[in-house]
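Note sheet for the following structure.
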Amino acid sequence: MAGFYERRENGDGTVSQNVAVTDSDAVLPIDLRYHGMDPLNPLVTKGYVTQVQAHNATTIRDLANSDVSVDVSTISGEKFVIVNSSLNQAVDVTLYAEGTGYTFASMGASKNLAAGGIGLYTSADWPALKAPLQKIRIRMKASVAPTTGSIGATIEGVQS
Amino acid sequence: MVEMPVETKDAIIWAEQQTYTDRGGDVQEITFDPSDAQPLVDKVCVYFDDHTIKYPPFDYPTIRPIIDEILAEQQPEEPIEEQIPEGPAE
């Protein structure tokens with residue numbers, strides 16, 4: 001193979017090779033979702049399952065609506081909503097679909113989550129959780145103002 | 001923007017030194033891990049209540065800048081590089 005190409009050895013034993021790239025854009029197969037993680041709203045991906053954060057330890061202390069809207073376009077099909085409450089009062093959980101051309105539309109009747117309860121909701125609770133949605137808004141509302149605790153909500157599903 | 005009480009930093013430092021009992025009944029240490037923020041926020045509220053400090057509704061992202069400040073203060077100082085005297089010219 002002598003003469004097929006020229007090795008140019010450096011003094012330290014390494015080998016240099018010049019590479020010329022002309023008139024070309026380098027395209028790398030990088031999925032930026034895994035590089036643009038927001039530490040405040042963690043997007044966790046394990047295997048085929050991805051998780052987006054809505055309410056992140058929100059301390060509800062009045063009777064106002066506590067709304068968080070999250071992008072669920074990274075989830076394909078069926079979505080699973082988990083609400084974890086350490087509040088000392090019950091809250092009503094309502095889901096709204098959001099997308100281009102509509103502000104938000106209710107996905108159905110609200111669910112009451114008891115004080116300190118954990119709610120695991122599927123399409124059996126809100127059939128639209130099967131739909132390929134752009135965004136979901138989660139609304140928490142108390143009927144009696146809580147005085148301790150907080151609430152967290154995440155949405156999980158198979159990544160698209 | 002939510003205006004937090006001036007005692008918030010003290011509350012966070014205290015909260016991070018506490019433990020909580022998880023839903024399985026196990027005692028867990030409270031950390032600054034954003035994926036497990038609820039125990040920390042709950043303890044911050046306990047500090048406020050115990051000290052009769054009024055606070056507005058808030059969430060983990062609200063106090064995250066203060067947590068970052070605490071973490072920055074806890075970082076060990078950069079070691080001073082030792083000056084190596086130049087050897088005799090060959």
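Derivation of every value follows stated rules applied to the coordinates shown; laboratory data play no part. This one's a predicted model, so the numbers in the text were calculated from it and none came from an experiment. Glycine also receives a Cβ, built like all others from the backbone with ideal geometry; neighbour counts cover every protein chain displayed.
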When you look at A:Q53, is it crowded, with 21+ Cβ neighbours inside 10 Å and within 22 Å of B:Y60 (Cβ to Cβ), yes or no?
yes
Within segment A:54-90, how many residues are within 14 Å of A:S143 (Cβ to Cβ), of a type outside the set (S, T, N, Q) and out of contact with any Gly (no Cβ under 9 Å at 6 or more places or on another chain)?
4
Give the number of residues within segment A:104-160 that are among the acidic types (D, E) and over 15 Å from A:F80 (Cβ atoms).
0
Which ones in segment A:128-160 are under 23 Å from A:Y48 (Cβ atoms), in a loop (DSSP other than H, G, I, E, B) and either hydrophobic (A, V, I, L, M, F, W, C) or without any contact (Cβ under 8 Å) to a residue 12 or more places away in the chain (or both)?
A:A131, A:L133
Selection within segment A:71-92 - under 12 Å from the mean Cα position of the chain (by Cα) and surrounded by 19 or more Cβ atoms within 10 Å (Cβ to Cβ):
A:V72, A:I75, A:K79, A:V81
Among residues belonging to segment B:8-61 that are assigned to a loop (DSSP other than H, G, I, E, B) and among the basic types (K, R), point out the one that is nearest to the other protein chains (Cβ to nearest Cβ).
B:R23
